[in-house]
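What follows is calculated from the coordinates using simple rules that are stated; it is not laboratory data. Computed from a prediction, not measured in an experiment: that's the story for all the values here. We place every Cβ from the backbone using ideal geometry, glycine too, and count neighbours over all the protein chains shown.
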Amino acid sequence: MKNVDDHWRIAATRKLLKARISWLLIGCWTLLLGTVMLVQAGDPSYRLVKGTWEQGSLLIGETTPGAAVVFDGRKLLVSPEGLFVFGLDRDAKSPVLLTITAPGGKPIVESHTVAKRKWDTQPLTGIAPKYVDPPQEVQDRIAAEQKIINAARRRDTAISDFATPFVWPATGRISGIFGSQRILNGKPKSPHYGVDVAVPTGTPITAPAGGVISLAEPDLYFTGGTVFIDHGHGLQSVMVHLSRLDVKVGDRVEQGQPVALSGATGRVTGPHLHWGLYWFGEKVDAQKHTGAMPVR
Ligand SMILES: [Zn+2]
């Protein structure tokens, strides 16, 4: 009887083992199929929270906290919640590369085509000639100011206001849009990188999102009274032609907080707020990022 019992036990163990191996195989296949399906879906490691693969767009993504994200060769800050941001310049060229490496995982590289946008042409006349062709004696001043601007734009701070929805810093008629090719007094000049809101001098200008003041200059040659707000991860608001500044570098501001008064300083044809969004040196469309102007 002992032998029969042993045989039965061996047979039962083999059956159990076979069943386990079968389940293991099914499990492996499910995992494999799941992986293949995810890879086919295109983005197994992140999702886009905002933005499109189009010139002038600001893209916000969400990934696993602790993941490494590289966009076109630049390593991006990733917030503790897994949020990151990058911008596609007005003149961004295809393709662009996004690489995401989850903690302990292999890098996943995506190549994207950047859709081209069509830009308006905006001829402007009546601008003081010194702003169209600056005289030799102000060239040093312009170069020095550009250095200050460039230094502010290089900031890469772990502030996460970039991920909040933006609001308009002033409301009024939109008198200039992002991307237009500018013809100043008949001469083609650099494109327009902001959105212009026609408001009278002295109108309070508020922070479109929270952040830290990274530049506060009352009198720059081209842009007059100028304020930069660092919203974190390389994203900054640029507000120019201001008549009065109410903040200084290093101040923390919250969304909706007044930072300055509008004006007509620098190269302008009349009082308005010029508001631009920069992701490091990339110029993105603040109007598109913020959405429709609220009805007053
Ligand atoms: Zn403007």
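With the calculation restricted to Cα positions, what are the radius of gyration and Dmax of the stretch 46-112 in angstrom?
11.5, 35
Quickly rank 185-196, 116-127, 160-171 as a protection proxy: mean count of other C-beta atoms within 10 Å, highest first.
160-171, 185-196, 116-127
Over the stretch 121-290, what is the mean sequence separation of C-alpha contacts under 8 Å (at least six apart), divided by residue count, expressed as relative contact order in percent? Could you put the intermediate results ahead of the total?
On the way: 437 pairs, mean separation 43.2, N = 170.
So the answer I get is 25 percent.
Between Phe280 and Asn185, how high is the FRET efficiency from 1/(1 + (r/R0)^6) when r is the Cβ-Cβ distance and R₀ = 41 Å? Nearest 0.05.
Efficiency, rounded to the nearest 0.05: 0.85.
Quick one: 3J(HN,Hα) in Hz for the stretch 284-291, Karplus 6.51/-1.76/1.60 with θ = phi - 60°, rounded, Gly and Pro as x.
So the Karplus estimates, Gly and Pro as x, are 10, 8, 4, 5, 5, 5, 8, x Hz.
Apply the Karplus curve 6.51 cos²θ - 1.76 cosθ + 1.60, θ = phi - 60°, to the phi angles in the stretch 199-208 and return the couplings in whole Hz, x for Gly and Pro.
Going residue by residue, I get 9, x, 3, x, 6, x, 10, 10, 6, x Hz, with x marking Gly and Pro.
At a Förster radius of 51 Å, what calculated FRET efficiency corresponds to the Cβ-Cβ distance of Ala68 and Gln257, to the nearest 0.05?
0.90
Under the classification rounded if a/c is under 1.5, otherwise prolate if a/b is larger than b/c and oblate if not, where does the stretch 136-218 fall, given a ≥ b ≥ c as square roots of the Cα gyration tensor eigenvalues?
On the way: a/c = 1.81, a/b = 1.16, b/c = 1.57.
Judged from the Cα gyration tensor, the stretch 136-218 comes out oblate (a/c at least 1.5, b/c at or above a/b).
Whose amide H sits under 5 Å from the amide H of Asn185, counting only residues 5 or more places off or on another chain, with H placed in the peptide plane?
When sequence neighbours closer than 5 places are left aside, the close amide H contacts are Leu124, Thr125, Gly126, Ile127.
Can you give me the Cα centroid spacing of the stretch 210-281 and the stretch 115-140 in angstrom?
With the stretch 210-281 and the stretch 115-140 each reduced to a Cα centre, they are spaced 20 Å.
Just to check I understand the Karplus step: with θ = phi - 60° and J = 6.51 cos²θ - 1.76 cosθ + 1.60, what whole-Hz values come out for the stretch 161-178, glycine and proline as x?
Listing the rounded values in order: 5, 3, 8, 7, x, 8, 10, 5, x, 7, 10, x, 5, 7, 10, x, 10, 5 Hz.
Multiply the residue separation of Asp219 and Ala198 by 0.36 nm, subtract the distance between their alpha-carbon atoms, and state the gained length in nm to one decimal.
Once the chain is fully extended between Asp219 and Ala198, it gains 5.5 nm.
Which FRET efficiency value, to the nearest 0.05, is calculated for Lys75 and Val49 with the Förster distance at 25 angstrom and r the Cβ-Cβ distance?
Calculated transfer efficiency: 0.80.
Which residue, Thr226, Gly172, Gln257, has the largest displacement toward the positive end of the dipole of the stretch 121-290 when charges sit on each Cβ (Lys, Arg +1; Asp, Glu -1)?
Sorting the options by dipole projection puts first Gly172.
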